[in-house]
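Data block below; observations after.
The values are calculated or read from the model by the stated rules, or taken from the named source; none is laboratory data. Nothing here was measured: the structure is a model prediction, and the numbers come from that model. A quick note on method: Cβ atoms are made from the backbone with ideal geometry, for glycine too, and the neighbour counts reach across all protein chains shown. The accessibility values were calculated without ligands, DNA or RNA, using every heavy atom of the protein model including side chains. Shrake-Rupley method; radii C 1.70, N 1.55, O 1.52, S 1.80 Å.
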Amino acid sequence: MLLHVDAEDFGFRISVMSGKISPMEVAHVAMLARLELTDQEAELYAEQLSSVLDHASDIESLDLGDTPPTAHPLGMVNVVRQDLPRSSLTSESVLRCAPDQAENMFSVPPVLGAD
Amino acid sequence: MVDSETNQSPSAPSFLPEGWEIVCGLEVHTELKTRTKLFCGCLNEFGSYPNTNICPVCLGLPGALPVLNGEALEIAARIGLALNATVQASIFHRKNYFYPDMPKDFQISQYDIPLNADGYLILPSGVRIGIVRAHMEEDTGKITHLGGSSGRIHGAERALIDYNRSGVPLVEIVSAPDIASPDEARQYVTELRAILIAIGASDGKMEEGSLRVDANVSVRPIGESEFRTRCEIKNLNSLRSLVRAITYEAQRQVEVYTAAGEVLQQTRHWDEDRSITVALRTKEEAEDYRYFPEPDLVPLEPTESWIGGLRESLPELPRQRRLRLCDLVGLDSANDQIETAILPELYGFVDAALNAGVDPKLVVARASNELASLLPIPDGYELEWFSDLCRMEMERKLSSTQAKAVLQESVKSLTPPAVVRDRLGITQLDDDELMIQIKSIVEENSDEWTRLKAGEMQLKGFFIGQIMKKTGGKADGKIAAKMLAVLLSED
Amino acid sequence: MGKSASEIAELVASGRRSAVEFAEEALDAIERSNGILNAFLSVNRDLTLEAAGRIDAMVAAGEKVGRLAGVPVALKDNMCQIGFDTTCASKILNGWSPPYSATVVQKMIAEGAVTVGKTNLDEFAMGSSTENSAFGPTRNPIDLERVPGGSSGGSAAAVAASIVPLALGSDTGGSIRQPASLTGVVGVKPTYGVVSRYGLVAFASSLDQIGPFSRTVGDSALALEVISGWDNMDSTSYDGAKFSLVSQQGVPMDGVRIGIVKEFMDGCDEEVLAAVRAAAEQLSKAGAKVDEVSIPETKLGLSAYYIIAPAEASSNLARFDGVRFGLRVEGSDIAETNVKTRTAGFGDEVKRRIMLGTYALSSGYYDAYYGKAQQVKTMIKRGFERAYRDFDALISPVSPTTAFRFGERASNPLAMYLSDVCTIPSNLAGHPAMSVPFSADSSGLPIGIQVLAPALGEELMFRIAFSIERSSGGGGFGSLDPALEEVMTGGR
Ligand SMILES: [Mg+2]
Ligand SMILES: [Zn+2]
């Protein structure tokens, strides 16, 4: 546990940083999210995310039993549409926004691990 | 499945060394036959020009939202009901991973609470295969790998993506690991495919990818109760590949164990050309799909009456067809002819002919022998033409030999059988004329006739042959035999 | 300048003034102010004048024009409109021109509104100060040294500076109400599902709602009547609501029971608290019965919000991968291209939230974080429902403080997050809430009062808002920063 003194907001405030998330975990999460972080960024994020997660520990420790999660606040269910065609976009209007295209398709660098 | 007396599994395949058995479960993805995609109004159509059936939703453009296709939901529930599953309240989840053929970089799928759960399918052999779940999800786009020197994956220079297939409705049907041999796997997929086609869920075209099979295969010594490490085999796009891949993979795993090695949990690719399974280059990252409930869709809570209505609307399923045909032709269990006659490609003709009142035995025979040899039956060959043909034969307007010829020509030229018969100049002798011909043959061969009457029964064949010769094949062999018998008893 | 939307619509529809005139006025004001205010990210002058011209032609032809005929409106730049770039104030979308328009945009246009430009925001609506824009912060028109709040800071500033009478924003955790309060305008977050989200670039799908900004309660009422309603392109849009909001003006408050949410008063500046008490007193005078109410569950709102919103955002923002639109920084393979594009394209706060959300959803943590937070959502909803047994509506501060200075909270994300404590619970419950300008602090900075109502309680919420507006004397609070005043009126 690191004691982290932060004087920047609301005067002096002492927040306990529990190190909930380590720089290594940050690096793993960054990989899942397809982001690249410098070591410094990883450390900064580890600290910042930990302090948010620390704050979230008030709910983490709650025993909520079988309280159901809320899906739609108005309790809507079974929303479906009819199986009727709607006009699609022209490929021109879509490919115009594409970073790269060829043969009316979106062109990207090679895909590894494809099957 | 293990018979404890002999310690030999009844279904342990013979190609494995004694004492080993296969544990196999199949994941079958079927594209649903809807007009539009799962969450948008774009056409669900195979073979369109690239990127023409796309919109903000199925292209995952920022700000677009999914709205569930009610028809896809109904079809999915019908699949569940046809597989004896419980259709239940469910929600959609997001399955998050990056892949360029998946526009949102997550797939909308069903996770812990699928629409259909706990069903089963009974194979023609009577073996019951559990269905763990059958859930709804969206299909991905299609990647074409361009360039590169060593094959379609390695060293590709560029990948091109077509999103026409993105968002096409899928149902993923996950079997329990109850399949014990490649042949059972083949039976399972065949039966499942027949069910899907029967209920109008899918066109079942494996070659177009509307039915895709992944096999989870492991092996273990007979008697062991724990499952061993399994490999998932992808790219099984025909029944032949399925059988060969499972066979290969099971043998491979047994060899690994026999050599005191360890089978690694892998996704493997069936290489049709080399007839082997190969491990796919594994992604570096551990799979962590970060499932969570799709907040852009609301929960599904099917009502009893809705489910009841769907249940009532289910057509006759392959298993019922099989039982019905057995019953009609007087068999205890289905033979190969029955199995062929209930194939999705043929059963429509069989059903129409039966409804037209044709003799079931004749229908099954013509469908499973002659019609089956003409598969695929071209579009344009009408259902009632087959009924008409069978009826003409039943009414002895055609001999069986003629019927076969007419059927073949009728399918080939897409012409009604009556027209074909006239065109070929085929006329069937009527019974009176046939009797006259037979009597003249008897007179011409009085010696043989006397011997036949004296009990030399093998001479029957001689007379039938003479009749056929004299009538130029126009006579119906069976009728001729009956008439001979009548003459014999008369004198 | 400074006319309300309903006034403009009436003038245009009756042919006394032209839509083109109002559109040009708005475009000129954008041009003059944007150098110091930076409220707008883009305009499309030709398209705007063409649209205005069409309205004028309809009026000339005697055709029926809509309820927003010729009204210049601004759109937060996370809503799609054909012909305008949509950037979400992110480099990753720089130059993206959507091939479709959001449902709200279609609805506004169908009623004759003329869109004049896209307003600045915190990148992907993630922030409370509009400092997180990749294209520079928006300044508060009341005090240029201070933030306008966020994330819909550009829309709030555009209305507060009287550039447009009406703007749309989006509110995920307070992103309409807080900037409305900090700039002295009206801002509304409707009941979840009342306004279609189709065409709104999603931040947190289960919490996002689009709503209006205006200088008068009446204009917001009018705008919400126009943009609300069922949409077959949004599965979560509600099919039963047809509100009569404009008509709530002047409806007596007699017997209306209003609770002051005790938990939302904790930690607020004294001047903010004084404003809420003064507003309560005015409501009492108008005939309402006001009392304090405690909803302890709301204390958990912040934690639940900062799990749910980043989690959903991490998934919603996955599609910004360099494949189909927007920025691409190409690598040797597709995975590397994804990484390079996202690393270069997203700003710090967005990355921080993607990381937080990815972590909260990753295996082993789902139950502890996202799952729990979803249950807390239910608890907060129940807490509100309990309060609504005794009260018809609730009031509270919007923001614990008035507008703060640039950079003041930028270095500590948690401190910034804490400023959303009064607004977040309404998003979690899916209930409507709005900010009504009421007074100013001793430095002349505006203070808004939050009015909260039960699900689909928009009519009562507006009735109370009208009453607060009337008792405050109306007309917004705080006068424009002199430097801004000068450029706005310069040359006139
Ligand atoms: Mg799947
Ligand atoms: Zn589409």
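Between residue C:230 and residue C:21, what FRET efficiency comes out of the Förster formula 1/(1 + (r/R0)^6) with R0 = 30 Å and r the beta carbon distance, rounded to 0.05? Numbers along the way, then the final one.
Details: r = 35 Å, r/R0 = 1.17.
Calculated transfer efficiency: 0.30.
In segment B:431-490, how does Rg compare with the Kirkwood Rh, expressed as the Rg/Rh ratio over alpha carbon atoms? Each step should come with its number before you reach the end.
Numbers: Rg = 10.4 Å, Rh = 11.3 Å.
With Rg and the Kirkwood Rh in hand, the quotient comes to 0.92.
For chain C, what relative contact order do you get, as a whole percent, if you take Cα pairs closer than 8 Å and at least 6 residues apart? Numbers along the way, then the final one.
On the way: 1230 pairs, mean separation 86.5, N = 492.
Relative contact order for chain C comes out at 18 percent.
Could you state the accessible area per residue of segment B:316-424 in Å², with a 1.4 Å probe and every protein chain left in place?
Working: 5100 Å² over 109 residues.
I get 47 Å² per residue for this part.
Please average, across the residues of C:347-354, the number of beta carbons from any other chain that are within 10 Å of each residue's own beta carbon, and give a whole number. Let's see the in-between values first.
Details: counts 0, 4, 0, 1, 7, 6, 2, 6.
The shielding value for this peptide is 3.
What are the radius of gyration and Dmax of the protein assembly as shown, computed over its Cα atoms and given in Å?
Final numbers for Rg and Dmax: 36.9, 136 Å.
Between residue C:336 and residue B:256, how high is the FRET efficiency from 1/(1 + (r/R0)^6) when r is the Cβ-Cβ distance and R₀ = 35 Å? Nearest 0.05.
Values: r = 34 Å, r/R0 = 0.98.
The value I calculate is 0.55.
Tell me: how much accessible area in total is hidden between B and A, 1.4 Å probe, Å², nearest 100?
Roughly 4000 Å² of accessible surface disappears when B and A pair.
How many partner chain Cβ atoms sit within 10 Å of a residue's Cβ in peptide C:296-303, on average, as a whole number?
Numbers: counts 0, 0, 0, 1, 4, 1, 5, 10.
Mean shielding count: 3.
Run the reach check for residue B:37 against lysines, Cα to Cα strictly under 19 Å, same-chain hits fewer than 8 apart removed. What comes back?
Qualifying lysines at Cα under 19 Å: B:95, B:104, B:142, B:205.
What is the average number of partner chain Cβ atoms found within 10 Å of a Cβ in C:421-430?
Working: counts 0, 0, 0, 0, 0, 0, 1, 2, 2, 5.
Rounded to a whole number, the mean comes out at 1.
Show me you know the interface measure: the accessible area buried between A and C, both chains summed, probe 1.4 Å, in Å² to the nearest 100. Walk me through the numbers before you get to the answer.
Details: alone 10890 and 17790 Å², together 23110 Å².
That pair of chains buries around 5600 Å² in total.
Expressed in nm to one decimal, what extension gain is obtained for the pair residue B:408 and residue B:275 from 0.36 nm per residue of sequence separation less their Cα-Cα distance? Kindly include the intermediate steps, with their values, before the conclusion.
Working: separation 133, 0.36 × 133 = 47.88 nm, distance 3.58 nm.
Fully extending the segment from residue B:408 to residue B:275 adds 44.3 nm.
Of the peptides B:304-311, B:100-107, how do they stack up when ordered by the mean number of other Cβ atoms within 10 Å, highest first? List each step's numbers first, then the result.
Numbers: B:304-311: 12.9, B:100-107: 23.0.
In descending order of packing, they fall as B:100-107, B:304-311.
Can you order the peptides C:312-318, C:109-115 by their average number of other Cβ atoms within 10 Å per residue, highest first? Provide the component values of the computation, followed by the final result.
Values: C:312-318: 26.0, C:109-115: 23.1.
Packing order, densest peptide first, comes out as C:312-318, C:109-115.
Restrict the search to segment B:218-304; then list the chymotrypsin sites (Phe, Trp or Tyr not before Pro) that DSSP places in a loop and that have at most 14 other Cβ atoms within 10 Å of their Cβ. Write out the running numbers ahead of the final one.
Values: sites: B:227, B:248, B:257, B:270, B:289, B:291; in loops: B:227, B:289, B:291.
Passing both the DSSP loop test and the Cβ count: B:227.
To the nearest hundred square angstrom, how large is the accessible surface buried between B and C, total for both chains, probe 1.4 angstrom? Write down the numbers at each step before the final one.
Numbers: alone 24400 and 17790 Å², together 39460 Å².
What B and C bury together is about 2700 Å².
Stokes-Einstein at 10 °C, 1.306 mPa s, Kirkwood radius from Cα pairs: D for segment C:363-451 in µm² s⁻¹?
Numbers: Rh = 15.4 Å.
Calculated translational D: 103 µm²/s.
Please identify the trypsin sites (Lys or Arg not before Pro) of segment C:11-40 that satisfy two criteria: DSSP loop assignment and at most 10 other Cβ atoms within 10 Å. Which are they?
Sparse-neighbourhood loop trypsin sites (Lys or Arg not before Pro): C:16.
Using a cut-off of 19 Å between alpha-carbon atoms, which aspartates and glutamates can reach residue C:262, once sequence neighbours fewer than 8 places away in the same chain are excluded?
Result set, ordered by chain and number: C:270, C:271, C:281, C:291, C:292, C:297, C:385, C:390, C:392, C:420.
Keeping all protein chains in place, calculate the accessible area per residue for segment B:431-490 (probe 1.4 angstrom), answer in Å².
Working: 3510 Å² over 60 residues.
Counting only protein heavy atoms, the per-residue value for segment B:431-490 is 59 Å².
When the accessible area of the protein assembly as shown is split by element with a 1.4 Å probe, what percent falls to carbon and sulfur? Intermediate results must be reported in sequence, preceding the final value.
On the way: 20580 of 41240 Å².
Carbon and sulfur atoms account for 50 percent of the accessible area of the protein assembly as shown.
Three principal axis extents, largest first, for the C-alpha atoms of segment C:193-274, in Å?
Taking max minus min along each principal axis of the Cα atoms, segment C:193-274 gives 44, 32, 24 Å.
Plugging the Kirkwood radius over Cα pairs into Stokes-Einstein for segment B:316-424, at a temperature of 37 °C and a viscosity of 0.692 mPa s, what D comes out in µm²/s? Each step should come with its number before you reach the end.
Values: Rh = 13.7 Å.
In µm²/s, the coefficient rounds to 240.
For chain C, what does the equivalent ellipsoid look like in terms of its semi-axes, each the square root of 5 times an eigenvalue of the Cα gyration tensor, given largest first in whole Å?
Working: eigenvalues 180, 177, 90 Å².
Here the semi-axes work out to 30, 30, 21 Å.
Once the principal axes of the Cα atoms of segment A:11-112 are found, what is the range along each, listed largest first in whole angstroms?
Ordered largest first, segment A:11-112 gives principal extents of 58, 43, 33 Å.
Take the Cα of residue B:84, step 7 Å along the line toward its Cβ, and report every residue of segment B:105-145 whose backbone nitrogen sits under 13 Å from that point.
Within reach of a label on residue B:84, which here means backbone N under 13 Å from a point 7 Å along Cα→Cβ, segment B:105-145 contributes B:118-132.
Please give the per residue volume of the convex hull enclosing the alpha carbon atoms of chain B, rounded to a whole number of Å³. If you can, show how the numbers build up before the last one.
Values: hull volume 108.0 nm³, N = 491.
Enclosed volume per residue, from the Cα hull, is 220 Å³.
Place a point 7 Å from the Cα of residue C:470 along the Cα-to-Cβ direction; which residues of segment C:188-212 have their backbone N under 14 Å from it?
Those under the cut-off are none; the list is empty.
Be a star and scan segment B:163-207 for residues whose amide nitrogen sits under 11 Å from the point 7 Å along the Cα-to-Cβ vector of residue B:314.
In segment B:163-207, the label zone of residue B:314 (backbone N under 11 Å from the point 7 Å along Cα→Cβ) covers B:199.
May I ask which of B:361/B:412; C:242/C:351; C:76/C:372; C:118/C:381; A:20/C:118 have a Cα-Cα span longer than 29 Å here? It would help to have the intermediate numbers written out before the result.
Details: B:361/B:412 24 Å; C:242/C:351 39 Å; C:76/C:372 32 Å; C:118/C:381 34 Å; A:20/C:118 40 Å.
Check vs 29 Å cut-off fails for C:242/C:351; C:76/C:372; C:118/C:381; A:20/C:118.
When the C-alpha atoms of segment C:165-217 are aligned to their principal axes, what extent does each axis show, in angstrom, from largest down?
Ordered largest first, segment C:165-217 gives principal extents of 28, 18, 17 Å.
With every protein chain kept in place and ligands, DNA and RNA left out, what is the accessible area per residue of segment B:100-252? Probe 1.4 Å, answer in Å².
Working: 5150 Å² over 153 residues.
Averaged over the residues of segment B:100-252, the accessible area is 34 Å².
Which loop GluC sites (Glu not before Pro) in segment C:18-96, with loop taken from DSSP, have no more than 11 other Cβ atoms within 10 angstrom of their Cβ?
Values: sites: C:21, C:24, C:25, C:31, C:50, C:63; in loops: C:63.
Answer by residue number: C:63.
Give the value in nm², to one decimal: projected area of the alpha carbon convex hull of segment C:277-321, averaged over all directions.
Details: hull surface 22.0 nm².
Averaged projected area of segment C:277-321's Cα convex hull equals 5.5 nm².
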